[in-house]
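The values are calculated or read from the model by the stated rules, or taken from the named source; none is laboratory data. All values reported here derive from a predicted model rather than from experimental measurement. Here the Cβ positions follow ideal geometry from the backbone for every residue, glycine too, while neighbour counts run over all protein chains shown. The accessibility values were calculated without ligands, DNA or RNA, using every heavy atom of the protein model including side chains. Shrake-Rupley method; radii C 1.70, N 1.55, O 1.52, S 1.80 Å.
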Amino acid sequence: MGIREGMKQQHASDTPLVKLSDTGLALEDRDQDIRGRKVIDRDSKEIGHISSLFIDEDERKVRMLEIRAGGFLGIGDRHFLLPVDAITKVAKGEVHVNETLGRIVQSPVYAPALVEELIPQKHWEPFYGYYGLSPYWGDGYLYPTVPMSTEETVLHDHSQSVTD
């Protein structure tokens, strides 16, 4: 999930993450935009849907998913954060993650209305630690490769050939 406008190799641990929708940036390939897709846990249970993508503006990479679940017409819904590293597969209309619904529900609290600027080590570290994932600002971190389903790959390849 690369983002247009190039990338830098080094990353400062104090760079704030921002919602992609709050920037002037766009994903390189619209077929890779996973916002709105259902999130499916490793037991094939639906968790909710991806409502936002948090990006690192310096490196132009998606770092965190905001998952919205439950509620009715926005009342009583909950928001959860999950590092992009937890994605195991992207399929048509779905994003599969290597966590369970129960584990995600018990994750550290995220209240989007109370958060203005999110500094990685202050706000993101609890999520990486909770899920047992290495934070992207750590030494030796490698950005995950997200496998797409055959259907998604065909769609992706088709969109590439249409625009070329």
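Among the residues of the stretch 86-114, those identified as open to solvent by 40 Å² or more (accessible area, probe 1.4 Å) and of a type in the set (Val, Ile, Thr) are Thr88, Val105, Val109. Cβ-Cβ contacts under 6 Å between residues 6 or more apart (or on different chains), taken from a first residue in the stretch 76-92 that is aliphatic (A, V, I, L, M) to a second residue that is part of a loop (DSSP other than H, G, I, E, B), are listed as Leu81/Tyr110; Ala86/Asn98; Ala86/Glu99; Ile87/Val146; Val90/Val146; Ala91/Ser149. Figure legend. Inter-residue proximity from the stretch 125-138: first residues among the polar types (S, T, N, Q), second residues open to solvent by less than 60 Å² (accessible area, probe 1.4 Å), beta-carbon distance below 9 Å, spacing 6+ or different chains. Indicated pairs: Ser134/Asp85; Ser134/Tyr128; Ser134/Tyr141. Criterion applied to Arg42, Arg63, Arg35, Arg68 was being open to solvent by 50 Å² or more (accessible area, probe 1.4 Å) and part of a strand (DSSP E or B), and the one residue passing it is Arg68.
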